[in-house]
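The values are calculated or read from the model by the stated rules, or taken from the named source; none is laboratory data. No experiment lies behind these values; they were computed from the predicted model shown. Ideal geometry is used to build each Cβ from the backbone, glycine not excepted, and the neighbour counts take in all protein chains shown. The accessibility values were calculated without ligands, DNA or RNA, using every heavy atom of the protein model including side chains. Shrake-Rupley method; radii C 1.70, N 1.55, O 1.52, S 1.80 Å.
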Amino acid sequence: MQILQDKKIVLGITGGIAAYKTPELVRRLKDHGADVRVVMTEGAKAFITPLTLQAVSGNHVSDSLLDSQAELAMGHIELAKWADLIIIAPATADIIARITAGMANDLLSTLCLATSAPIAIAPAMNQQMWHAKATQANISTLKQWGFHIWGPGAGEQACGDVGLGRMLDVNELVTLSSDFFADKYLQDQHWVITAGPTREAIDPVRYISNHSSGKMGYAIAHAALRAGAQVTLISGPVNIAAPAGCELIQVTSAEQMHQQALAYVSQATTFVACAAVADYRVANIADEKIKKDNEHMQISLIKNHDIVADVAKSAHKPFIVGFAAETQNVEHYARGKLMRKNLDLIAANDVAKAGQGFNSDDNALTLYSAIDKIEIPLANKQIVAKQLVSLINQHYVAKNTEK
Ligand code: PMT
């Protein structure tokens with residue numbers, strides 16, 4: 001069954017240009033099984049018509065507090081009680097201010113006061129308005145009150161400015177909605193995850209690295225967040241966005257990743273080492289760009305710290321999951337790393353196979369413990385990560401019940 005199946009969602013639309021995206025949002029939420037009722041402010045109707053939203057939602061659109069006919073059909077208090085979740089998208093600076101002030105001067109602000117349902121706000125406004133002290137103070141108050149703030153995203157704005165203030169994409173809003181209702185079985189856990197490659201400088205313009213894109217580690221971070229964990233993602237340089245809601249620590253080199261991993265280990269219940277860490281770094285990094293004066297050149301390398309092995313040696317040892325990227329004898333090498341690095345589990349991927357592993361959207365893993373061997377078949381990394389996170393938790397729970 002889909003997570004949004006039969007979930008009752010009130011979508012509040014306010015007067016911003018991003019309102020044009022809301023018919024698509026309604027359709028996508030409905031595709032996922034949600035029942036959607038739309039509430040519009042006067043400002044929203046300047047951008048999109050109630051008739052359009054009625055057609056896509058299949059429900060009457062409410063836009064007035066004082067409409068006796070609408071109140072007869074489903075009164076505002078009834079609507080406030082009906083909702084499992086209220087999403088305000090786009091949410092202008094005005095509605096954010098009115099909710100924070102506790103105003104009830106139109107249907108949407110009244111609903112927010114009258115409901116006990118959770119409220120998610122997807123801000124959309126000019127970047128200067130988003131950064132204004134008043135807006136930031138309002139957002140911080142709403143967060144303290146338990147409102148969920150989804151976004152905003154950054155990029156080019158309708159007014160031509162560039163910066164934070166764009167409403168999140170419809171896809172992201174649908175994902176956040178379904179994450180919201182997902183089973184929060186990791187609620188009391190803090191996962192620290194390493195992801196992406198490291199870069200080891202040779203000189204100011206060159207470095208040694210590998211093909212890790214960060215997709216696998218970021219998918220694990222997303223799956224753990226969705227299951228309710230607090231997530232710290234220690235990431236090497238990648239070109240993908242971190243999942244909303246995680247704490248992102250950006251590093252470049254293996255030594256920086258090592259430092260951050262050890263700084264966070266005492267908070268972690270679970271440590272997942274998905275990063276493709278360079279085993280060696282350059283012994284003497286040149287201060288200036290190296291010139292091609294010689295036919296041959298040699299670079300002397302020294303061994304980096306083994307991050308996951310050092311985490312396993314720490315006084316506060318969390319539940320530790322390593323990865324093994326192998327091109328041959330996968331089980332033999334993976335089991336060797338499991339023992340040598342003192343890990344609880346190791347997820348091995350055969351990176352010699354086409355269409356999986358480094359920089360691919362898909363992966364297949366074999367998860368080894370000292371006694372188990374579990375296959376996670378080839379699938380999109382998001383799906384693989386979801387299964388992996390659930391399996392890690394099963395082993396974590398088993399280990400902690402043994403104690
Ligand atoms: O990022 P993607 O493009 O999505 O690709 C995903 C991936 C292939 C990078 C990922 O699935 C993966 O296999 N990550 C581990 C890659 C790796 O470096 O494996 P390894 O066998 O060399 O290292 C074994 C383990 O020790 C790993 O958990 C690694 O993070 C850790 N390690 C290694 C060296 C080091 N100095 N410190 C470490 O912590």
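Here are a few things to note about the model shown:
Rundown of residues vs (1) surrounded by 14 or more Cβ atoms within 10 Å (Cβ to Cβ); (2) out of contact with any helix residue (DSSP H, G or I) (no Cβ under 8 Å at 6 or more places or on another chain); (3) under 29 Å from V351 (Cβ atoms), yes/no style:
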{"site": "M257", "(1), (2), (3)": "yes, no, yes"}
{"site": "A263", "(1), (2), (3)": "no, yes, no"}
{"site": "V272", "(1), (2), (3)": "yes, no, yes"}
{"site": "A275", "(1), (2), (3)": "yes, no, yes"}
{"site": "A283", "(1), (2), (3)": "no, yes, yes"}
{"site": "A286", "(1), (2), (3)": "yes, yes, no"}
{"site": "N294", "(1), (2), (3)": "no, yes, no"}
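- Close contacts from region 363-381, counting a first residue that is closer than 24 Å to I240 by Cβ and a second that is within 13 Å of the ligand (Cβ to nearest atom) and of a type in the set (K, R), with Cβ to Cβ under 7 Å and a gap of 6+ residues or different chains, come to N363/K381; K381/K215.
- Qualifying residue in region 303-320 (condition: modelled with pLDDT of 95 or more, acidic (D, E), open to solvent by less than 70 Å² (accessible area, probe 1.4 Å) and assigned to a loop (DSSP other than H, G, I, E, B)): yes
- Segments classed as helices (runs of 4 or more DSSP H), wholly inside region 1-78, with at least 1 members that are in the same structural domain as L108 (by TED's automatic domain parsing) and within 25 Å of D179 (Cβ to Cβ): 22-31, 50-57
- Test: residue in region 169-191 that is open to solvent by 10 Å² or more (accessible area, probe 1.4 Å) and closer than 26 Å to G357 by Cβ: yes
- Of all residues in region 365-403, those satisfying the criterion of being near the ligand (Cβ under 10 Å from one of its atoms) and farther than 19 Å from K184 by Cα are L365, K381.
- When region 212-230 is filtered for residues that are assigned to a loop (DSSP other than H, G, I, E, B), more than 15 Å from the ligand (Cβ to nearest atom) and open to solvent by 10 Å² or more (accessible area, probe 1.4 Å), only G228 remains.
- Which numbered condition S209 misses (of (1) open to solvent by 20 Å² or more (accessible area, probe 1.4 Å); (2) over 26 Å from D344 (Cα atoms); (3) more than 16 Å from the ligand (Cβ to nearest atom); (4) not acidic (D, E)): (3)
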